[in-house]
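Written out below as structure tokens is the structure these notes cover.
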Amino acid sequence: MPSTKRPPNDELFNKYIIENKTQKQLAEEYNTSTGMIAHWLKYYQIRKLKKLSDVFTDSRGYIKVKSPNHPFCNIHKQVYQHVLIVEDYIGRNVQKHEEVHHLDHNKSNNRLNNLVLFPNKNSHVQFHKYEEKIALYLLGITKQKPDSIKFTDPVLFLGCWVYEIELIDLAESISEQG
């Protein structure tokens, strides 16, 4: 009997967009029909961005996608893939003053749960300083445990709009594991 339980948006998005699985592969994985997969993708408004031949990696490691009609495409008609992924998730264009950050600093890791949308450059810089404080604490260079970071405007973090981010507990558990 085919499964009718719809997977979470982020999970389906990552498998279809990031891992580039076909609807047939997803149907087999979820033990359902390709029609049901198409229904779920439509429900979540998930669609493929471009064909593989329109994907490029620049010299800094960022993945760019050919998107000639995008309002912020470059002279080569390309847009950063991480920007398109955030835009697809939030349902609007990322504005010129907004900035997208890679949590793990891997510029080709464009999974939604690795991307943070900041409302402006100041918030992005503030977050980098926060990351530095956490690193100094985890390395034992400073003994003061960093507090959470607070923002005056909402930040998209792990798929949710938040005004505060607490990374130290997550960072400590990761450093204990590895």
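Coordinate-derived values only; no laboratory data. Quantities reported herein were computed from a predicted structural model and do not represent experimental measurements. A quick note on method: Cβ atoms are made from the backbone with ideal geometry, for glycine too, and the neighbour counts reach across all protein chains shown.
Nearest 0.05, what FRET efficiency do THR152 and ASN31 give at R0 = 35 Å with Cβ-Cβ as r?
E(calc), rounded to 0.05, equals 0.15.
Once all Cα-Cα distances of the chain are split into 5 Å bins that start at 0, what whole-number percent is in each one?
The calculated distribution, bin by bin, is 1, 7, 14, 17, 16, 15, 12, 9, 5, 2, 1, 0.
Place a +1 charge on the Cβ of each Lys and Arg in the chain and a -1 charge on the Cβ of each Asp and Glu, then give the dipole magnitude about the Cα centre in debye, rounded to the nearest 20. All intermediate terms of the calculation are to be shown ahead of the outcome.
Numbers: 24 positive and 21 negative charges, 172 e Å.
Once rounded to the nearest 20, the dipole reads 820 debye.
Please report CYS160, CYS73 as a ranked list, fewest other C-beta atoms within 10 angstrom at the top and most at the bottom.
Ranked by crowding around the Cβ, least crowded first: CYS160, CYS73.
Which is farthest toward the positive dipole end of the chain among TYR16, ASN106, ILE141, measuring Cα position about the Cα centre, with Cβ charges +1 (Lys, Arg) and -1 (Asp, Glu)?
Looking along the dipole axis, the top candidate is TYR16.
Averaging sequence separations of C-alpha pairs under 8 Å and six or more residues apart, then dividing by the length of the chain, give the relative contact order as a whole percent. Can you show the working numbers first?
Numbers: 201 pairs, mean separation 22.3, N = 178.
RCO, the chain: 13 percent.
Which three semi-axes in whole Å describe the equivalent ellipsoid of the stretch 82-178, each the square root of 5 times a Cα gyration tensor eigenvalue, listed largest first?
Working: eigenvalues 125, 44, 24 Å².
Semi-axes, largest first: 25, 15, 11 Å.
Quick one: 3J(HN,Hα) in Hz for the stretch 60-66, Karplus 6.51/-1.76/1.60 with θ = phi - 60°, rounded, Gly and Pro as x.
Result, rounded to whole Hz: 8, x, 7, 8, 10, 10, 5.
How many nm separate the modelled label positions at VAL162 and ASN120, each set 7 Å beyond the Cα in the direction of the Cβ?
The modelled label-to-label distance comes out at 2.2 nm.
At 0.36 nm per residue, minus the direct Cα-Cα distance, what do ASN106 and ILE90 gain on full extension? Give it in nm, one decimal, please.
3.6 nm
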